[in-house]
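Visitor: Dumping the structure here so I can ask a few things about it.
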Amino acid sequence: MSERIHMSSPDVGELEEAAVVAAMRSGWIAPLGPDVDAFEREIASRVGVAHGVALSSGTAALHLGLLSLGVGPGTVVVTSTMTFAATTNAVMYTGAEPYFVDADVTTGNMDPVLLRRALERLRASGETVSAIVPVDLLGKTVDYTGILAVAAEFEVPVLADAAESLGATHDGRAAGSFGRASIVSFNGNKIMTTSGGGMLLTDDAELAQHVRYLATQARQPVVHYEHTDVGYNYRLSNLLAALGRAQLSRLDDMIASRRRMRDRYKALFGPVEGVEVFGAAGDEHDNVWLTSIVVDEAVTGWAPSELAGFLAQDDIESRPLWKPMHLQPVFAGARGEITGTSEQLFSRGLTLPSGSALTEAQRDRVAARVTEFLRERSA
Ligand SMILES: *Cc1c(COP(=O)(O)O)cnc(C)c1O
């Protein structure tokens with residue numbers, strides 16, 4: 001039996017190991033320290049914003065970003081249905097109600113036309129929309145030009161979920177720099193990792209300060225532990241920030257490595273009628289975090305689940321695209337502007353091994369297996 005090939009394994013080596021050991025030997029263990037400060041400066045500078053607040057996860061960054069925008073009970077947050085549950089979970093923590101917006105078919109990202117429809121409907125019923133949370137799906141940015149124009153017209157702040165898109169750009173500006181604030185994730189499967197971690201990014205000094213305050217147990221600046229707000233313990237550890245700094249120095253190489261695999265899938269599936277590499281148009285601006293294909297079974301004669309099964313027999317991991325939030329039992333009954341696009345992407349999509357740590361031998365094995373499947377099915 002050959003070794004298992006995962007969709008997106010952490011890509012860490014000697015550089016990361018040395019960085020973590022150096023941080024440990026420096027004595028800055030508990031838990032903040034100079035690597036956290038430097039990591040915040042380096043990510044903020046890479047993205048082109050004034051402030052970064054390093055946190056224990058992307059989910060924590062979403063939670064505190066929402067709280068700092070005044071999101072809470074009795075308000076509505078308009079967000080993408082095509083996403084990972086963390087986005088909606090953070091809305092739920094605040095007590096606000098999520099309102100789901102369906103996707104553009106070519107990207108899976110929030111459709112600005114549907115966002116407008118949602119905001120018109122909510123305004124007509126006199127409800128308070130406290131934030132819009134669009135999600136950059138699989139490393140391709142949202143149409144921020146369209147989304148931010150609608151948001152400005154309705155005067156609703158945008159917290160951008162850029163958990164998957166660090167390194168991507170829209171209109172020459174970096175993912176993580178849009179809206180009142182953005183969040184990125186450094187979870188183990190993301191484009192770069194701190195093992196677990198995230199960051200809130202913003203040009204708004206007051207917002208950054210408030211997030212920092214909430215993340216450190218909301219301590220008032222006095223010696224005797226005075227508290228006037230409920231706080232959280234959400235800061236990133238110095239050891240993990242050191243790991244993140246090493247990863248950031250390799251980010252462009254890791255993106256290039258993922259792009260080589262994307263190009264390989266384009267060559268494999270290009271000649272196959274009824275299969276498209278998802279979001280391939282304009283993907284020179286993406287960080288190409290994960291590569292998925294979208295399969296029209298009526299044309300191919302095979303379903304994505306059949307390819308998934310064939311790959312699994314050789315211990316190669318693949319998965320459907322995110323199951324839309326409005327289909328999740330936990331969010332049953334939530335309102336939204338739902339057109340069926342995200343449901344269609346969910347039923348037709350398949351995400352393939354995309355990680356930057358894939359060896360040449362693993363890439364060859366995936367390609368050979370896909371080729372074998374396509375040959376069998378076209379015979
Ligand atoms: C990974 C992810 C998150 C959460 O980040 P964590 O660091 O794992 O908490 C949020 N939103 C999206 C879209 C994600 O993919």
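Visitor: Measure out, as a whole number of angstrom, how far apart the alpha-carbon centroids of segment 6-66 and segment 229-272 sit.
Guide: 12
Visitor: Now for a separate question. Tell me, what is the FRET efficiency for Ser26 and Ser195 to the nearest 0.05, using R0 = 25 angstrom and their Cβ-Cβ distance as r?
Guide: Details: r = 18 Å, r/R0 = 0.73.
It comes to 0.85.
Visitor: Quote to one decimal, in nm, the extra length available between Asp315 and Asp37 on full extension: 0.36 nm per residue of separation minus the C-alpha distance between them. Could the numbers behind the result be given before it?
Guide: Numbers: separation 278, 0.36 × 278 = 100.08 nm, distance 4.12 nm.
Stretched fully, the Asp315-Asp37 segment lengthens by 96.0 nm.
Visitor: Here's another thing I want to ask about it. Magnitude of the Cβ-charge dipole of the chain, K/R +1 and D/E -1, about the Cα centre, nearest 20 debye? Write out the running numbers ahead of the final one.
Guide: Details: 32 positive and 47 negative charges, 72 e Å.
Using Cβ point charges on Lys, Arg, Asp and Glu, the chain gives about 340 debye.
Visitor: May I pose another question? Quick one: plug the Kirkwood hydrodynamic radius of segment 162-235 (C-alpha pairs) into Stokes-Einstein at 37 °C, 0.692 mPa s, and report D in µm²/s. Walk me through the numbers on the way to the answer.
Guide: On the way: Rh = 13.9 Å.
In µm²/s, the coefficient rounds to 236.
Visitor: Please give the peptides 228-236, 107-115 ranked by average Cβ packing (other Cβ atoms within 10 Å per residue), highest first, as a rough proxy for protection.
Guide: Numbers: 228-236: 16.2, 107-115: 24.8.
Final packing ranking: 107-115, 228-236.
Visitor: Moving on. What nm value, rounded to one decimal, do you get for the distance between Phe373 and Ala303 when each label is placed 7 Å out toward the C-beta?
Guide: 1.4
Visitor: I've got another one for you. If we count other beta carbons within 10 Å of each Cβ, what is the order of Ile5, Ile29, fewest first? The partial results should precede the final answer.
Guide: Details: Ile5 23, Ile29 13.
Ordered from fewest to most neighbouring Cβ atoms within 10 Å, Ile5, Ile29 come out as Ile29, Ile5.
Visitor: Same structure again: Quick check on segment 283-379: take the gyration tensor over C-alpha atoms, sort the square-rooted eigenvalues as a ≥ b ≥ c, and tell me if it's rounded (a/c under 1.5), prolate or oblate. Kindly include the intermediate steps, with their values, before the conclusion.
Guide: Numbers: a/c = 2.19, a/b = 1.57, b/c = 1.40.
Prolate, since a/c reaches 1.5 and a/b exceeds b/c.
Visitor: Pairs of alpha-carbon atoms within less than 8 angstrom and 6+ residues apart define the contacts here; what relative contact order does the chain have, in percent?
Guide: Values: 821 pairs, mean separation 90.7, N = 379.
Worked out over the chain, it gives 24 percent.
Visitor: While we're here: What share of the DSSP beta bridges in the chain is antiparallel, in percent to the nearest 5? Don't skip to the end; give the middle numbers.
Guide: Working: 22 of 40 bridges.
Just about 55 percent of them are antiparallel.
Visitor: Calculate the FRET efficiency for Ser2 and Thr216 from the Cβ-Cβ distance with a Förster distance of 51 Å, rounded to the nearest 0.05. Could the numbers behind the result be given before it?
Guide: Numbers: r = 47 Å, r/R0 = 0.92.
Calculated transfer efficiency: 0.60.
Visitor: For segment 111-249, what is the per residue volume of the convex hull drawn over the alpha-carbon atoms, in cubic angstrom?
Guide: On the way: hull volume 18.9 nm³, N = 139.
Considering the Cα atoms of segment 111-249, their hull volume per residue is 136 Å³.
Visitor: How would you rank Phe269, Phe278, going from fewest to most other Cβ atoms within 10 Å of each one's own Cβ? Walk me through the numbers before you get to the answer.
Guide: On the way: Phe269 21, Phe278 24.
With the sparsest Cβ surroundings first, the list reads Phe269, Phe278.
Visitor: Rounded to the nearest 0.05, what FRET efficiency is calculated for Tyr93 and Ala357 with R0 set to 35 Å and r the Cβ-Cβ distance? Each step should come with its number before you reach the end.
Guide: Details: r = 32 Å, r/R0 = 0.93.
Step by step, r from the Cβ atoms, then E = 0.60.
Visitor: Still on this model: Based on the Cα coordinates of the chain, what is the per residue volume of their convex hull in Å³?
Guide: Numbers: hull volume 53.7 nm³, N = 379.
Spread over its residues, the Cα hull of the chain gives 142 Å³ apiece.
Visitor: Charges at C-beta only: +1 for Lys and Arg, -1 for Asp and Glu. How large is the resulting dipole of segment 66-121 about its Cα centre, in Debye rounded to 20?
Guide: On the way: 3 positive and 5 negative charges, 21 e Å.
In debye, rounded to 20, segment 66-121 gives about 100.
Each value in this text was obtained by applying a stated rule to the coordinates, not by laboratory testing. If you're wondering where the values come from, they're calculated on a predicted model, not measured in any experiment. We place every Cβ from the backbone using ideal geometry, glycine too, and count neighbours over all the protein chains shown.
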